[in-house]
Amino acid sequence: MSAQITLSPVGIVHNPIREPVDDVFGGVSSRIELDGSRFTPDCLIGLSEFSHVEILFALDRVADSSVQSGACHPRGRTDWPKVGIFAQRGKKRPNRIGATVCRLLCVKDLSIEVEGLDAIDGTPVLDIKPYMSEFGPRGPVRQPAWASELMSGYWTKAELSP
C-alpha cells in the first residue's frame, strides 16, 4: 500500500496560542482565513446556518522524528495504559492530521471564526465541514477512564500573556 496523497491547505488558523501545548484551548476563539487565490467568499454561503463546524488541520509542527506508529503511554504518563497511536488522539500521529468539532461564531468574507479549535496560530487548515448531528455518534459512546482523565482539563480556559 503506497498511495501518495498530496493535500493543499484551504486556509490558516489565527489565534493567540503560539506553542503546541495541551489543556489551554477552553474559550479560545480562532479565525480561519481561507486562501484568496483559490476561493471566493461564495464558498462559505450557507455555512452560517450551522452552529458547529468540523475542522481538519495539519499538525505541521510535529517533527518527522517524533511521529509514533506503535503503542505508547498517552502524554508519556506511565500511570495510564500503553495504547496504540490509533487508540488515542495525540498530535504525534502518522499523518499528523487533527480534527475538531468547533462552535461556529461568525462567517465573514473569506474567513470564519470558531471557538474550541485546538490548533495553534499558523496551523494549515485542510478542510472545513459543517457539523450535522446525523454524522455524530449513533448510540452510546464508550471510552476508557484514562481518556476521560486526560481530557478533564483539556478545555480549561487559557491564561495567555499579551
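Would you confirm whether any residue within the stretch 81-90 is in contact (Cβ under 8 Å) with a residue 40 or more places away in the chain and charged (D, E, K, R)? Looking for residues that are in contact (Cβ under 8 Å) with a residue 40 or more places away in the chain and charged (D, E, K, R), one finds none in the stretch 81-90, hence no. Looking only at residues in the stretch 11-42 that are exposed (fewer than 14 other Cβ atoms within 10 Å of the Cβ) and touching a residue at least 12 places away in the same chain (Cβ under 8 Å), the one that is nearest to Trp155 (Cα to Cα) is Gly27. The single residue among Gly98, Gly122 that is within 19 Å of His14 (Cα to Cα), surrounded by 10 or more Cβ atoms within 10 Å (Cβ to Cβ), within 12 Å of the chain's Cα centre (by Cα) and of a type in the set (Gly, Ala, Ser) turns out to be Gly98. Can you work out which of the residues in the stretch 47-66 that are in a loop (DSSP other than H, G, I, E, B) and in contact (Cβ under 8 Å) with a residue 40 or more places away in the chain is surrounded by the most Cβ atoms within 10 Å (Cβ to Cβ)? Per the criteria, the residue is Leu59.
A residue that is outside any strand (DSSP E or B), modelled with pLDDT under 95 and buried (at least 17 other Cβ atoms within 10 Å of the Cβ) can be found somewhere in the stretch 102-116.
Scanning the stretch 40-95 for residues that are farther than 27 Å from Ile12 by Cα and hydrophobic (A, V, I, L, M, F, W, C) yields a count of 5. Residues of the stretch 104-143 that are over 26 Å from Ile17 (Cα atoms) and either of a type in the set (Asp, Glu) or in contact with a Phe, Trp or Tyr (Cβ under 9 Å, 6 or more places away or on another chain) (or both): Met132, Glu134. Within the stretch 123-162, the set of residues being of a type in the set (A, V, I, L, M, F, W, C), modelled with pLDDT of 90 or more and under 23 Å from Ala58 (Cβ atoms) comprises Val125, Leu126, Ile128, Phe135.
The values are calculated or read from the model by the stated rules, or taken from the named source; none is laboratory data. Quantities reported herein were computed from a predicted structural model and do not represent experimental measurements. Reconstructed Cβ throughout: ideal geometry from the backbone, glycine too, with neighbour counts over all protein chains shown.
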